[in-house]
Amino acid sequence: MSTFELRTLAEIEAKMNEADDAEFLIDGVVSSAMSTILGETWIGKTFLALQLVDSLTTGQPFLERRVRGKPRLVAWLSTDPWGERTVTRRARTMGLDMDKIYAQSFYTPSTAQEWIDGVDELLAAKISVVVIDNTTDLSEDPNAPRETKLITDGLRRMVDAGIAVINLHHDSGNVKKPEFASRLWGKATRLRLTLTGDPFESPGPRTLTAQPNDGVRHEWKLHFDPEHSPVFTIEGEASADELIQRRAKRKRGSSPSATNLDDERFAQIVDREWKTQREIAEHLKVDPATVTRLLKAKDHHLRSGRIVPKLARPNAA
């Protein structure tokens with residue numbers, strides 16, 4: 001085996017295209033490498049991360065931003081005692097798909113081999129996104145050089161294996177940042193999401209800022225009501241209650257699928273022109289196979305850019 005395993009840029013690009021590689025999983029919001037959510041305690045970082053997870057596991061847009069690729073499986077690793085129970089309760093309150101999210105209390109691997117074994121376990125479970133809640137407690141002495149290198153190398157192993165990492169980090173503004181966190185917010189971190197506001201004002205306004213390393217800064221003015229319906233909404237847009245009701249309807253089978261797509265939704269796609277079934281799938285936010293099954297159930301097919309009834313087969317002579 002070659003020590004460096006050198007490849008030409010053309011070979012790397014071909015591999016990226018083969019894997020449908022993209023810079024973002026959610027346009028301008030979640031990096032395909034590493035993202036860090038910064039904010040004070042109780043500001044709503046966990047709820048924000050769960051809302052991102054909902055979009056990643058369903059393909060539904062996040063704050064009107066497109067989700068790239070197919071729905072994903074997510075692992076939620078909590079450094080808080082019983083953190084997996086806390087996130088389970090919150091996910092249930094928000095109406096998330098509980099079958100696509102894995103969780104456990106996370107103990108930081110103490111050796112490089114343990115990190116390697118952990119990454120292999122994630123890959124075996126087909127998990128492509130990991131949320132670490134929170135990086136503040138990843139180590140008892142996060143400024144120790146050995147632990148700094150172990151943690152940063154371990155998280156980079158996840159990214160190198162094609163697993164996107166979302167870190168949550170407490171940032172009160174008056175606490176010295178751990179050394180490894182500074183490194184994560186450097187070259188390894190491709191995106192910072194900064195959540196600001198008054199953590200004790202509930203309900204209250206929040207400001208979310210997305211700052212990719214080499215991208216354009218984005219900012220949203222949000223409303224957040226954790227006690228009533230803990231979903232971030234853009235000011236003036238649909239209420240949090242409406243969003244949670246939509247998720248509940250998806251779980252009851254009202255989403256576009258092979259058996260549950262109603263006649264009204266079907267009529268919407270019949271009356272339009274389409275280039276491919278993939279374009280229809282993107283419009284309905286389902287996979288192409290679902291469109292195929294839907295058209296078959298309705299005894300229609302896509303022909304010359306239109307959805308038309310299938311012609312009856314002539315009787316055999």
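Take the Cα of THR111, step 7 Å toward its Cβ, do the same at LEU6, and the gap between the two points is 3.4 nm. Gain on full extension, evaluated as 0.36 nm per residue between LYS126 and VAL270 minus their Cα-Cα distance, stands at 48.3 nm. Mind giving me the FRET efficiency for THR292 and LEU73? R0 is 30 Å, r the Cβ-Cβ distance, nearest 0.05 is fine. In this case the efficiency is close to 0.80.
Every number here is computed from the coordinates shown, using simple stated rules; none is lab data. Bear in mind the structure is a predicted one, so any value in this text is a computation, not a measurement. Reconstructed Cβ throughout: ideal geometry from the backbone, glycine too, with neighbour counts over all protein chains shown.
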